[in-house]
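Undergrad: Before I ask anything, let me first share the structure, which is written out below as C-alpha cells.
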Amino acid sequence: MSSSSHLLILTICLLIADAATTVDATDHIVGANRGWNPGINYTLWSNNQTFYVGDLISFRYMKMQYNVFEVNQSGYDNCTTEGALGNWTSGKDFILLDKAKRYFFICGNGGCYSGMKVSVLVHRLPSPPSSAQLAAEHSSTNSAAPEGTVTVVK
C-alpha cells in the first residue's frame, strides 16, 4: 500500500475520531419534571446525574415564590446566603457549569430548610485521543489488515 493511501486512511481515522469525541452540553433540569420545590430529594437526583464542564443546570420554579442562590459549602450546610456567589429569580434559570468543582445551590427564602438545596460535582471533559495515539493504533491495526481494507479505530 502506498504512503498516500496510508495518509488518506489516517486522515479518515482522525476525522472519525474527532467526530466521535465531540461532546454536546447537557441541560440538567433540577428535579426533572418535579422542578425546584420543597420536599424533593435533590441529593438522590444529583447522584443520578453526571455533570461535565460546559453543561447547564437549570431551575424551574414559581417566580414569585422561590429563587436560587449559589453558595459555598457553609452556606449550603447552614441554609444561609451570606457571601453568595450568585442569585437567580426568573423562574427558568439556566446556569453554566464552567469549572470542574463542586457547586452548591440553595433556595434563599426559607425553602432550603424544606430540602430545596442541591450540590453537584462537575467533572472535566474526558481528553480526546491525541493524533500520536491514533496514528499508533492505526499502524498496529493496519499491519494486521489485508491489503485494500480500511480499519476504523474507535
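Quick note: the coordinates plus some simple rules give every number you see, no bench work behind them. Computed from a prediction, not measured in an experiment: that's the story for all the values here. Please note: Cβ atoms are built from the backbone with ideal geometry, for glycine as well, and neighbour counts cover all protein chains shown.
Undergrad: Convex hull over the Cα atoms of the stretch 81-127, averaged projected area in nm²?
TA: So the Cα hull casts an average projection of 4.1 nm².
Undergrad: Using just the C-alpha positions of the stretch 47-111 as equal point scatterers, what log10 of I(q)/I(0) does the Debye formula give at each q in 0.12, 0.25 1/Å?
TA: -0.30, -1.17
Undergrad: Report the Cα centroid-to-centroid distance between the stretch 47-67 and the stretch 102-123 in angstrom, as an integer.
TA: Each part's Cα centre sits 10 Å from the other's.
Undergrad: 7 Å from Cα along Cα→Cβ at both GLU82 and ASN48: what's the point-to-point distance in nm?
TA: So the two model labels end up 3.6 nm from each other.
Undergrad: Let me ask something else. With only Lys, Arg, Asp and Glu charged, each at its Cβ (+1 for the first two, -1 for the last two), find how big the charge dipole of the stretch 22-89 is about the Cα centre; round to the nearest 20 debye.
TA: In debye, rounded to 20, the stretch 22-89 gives about 300.
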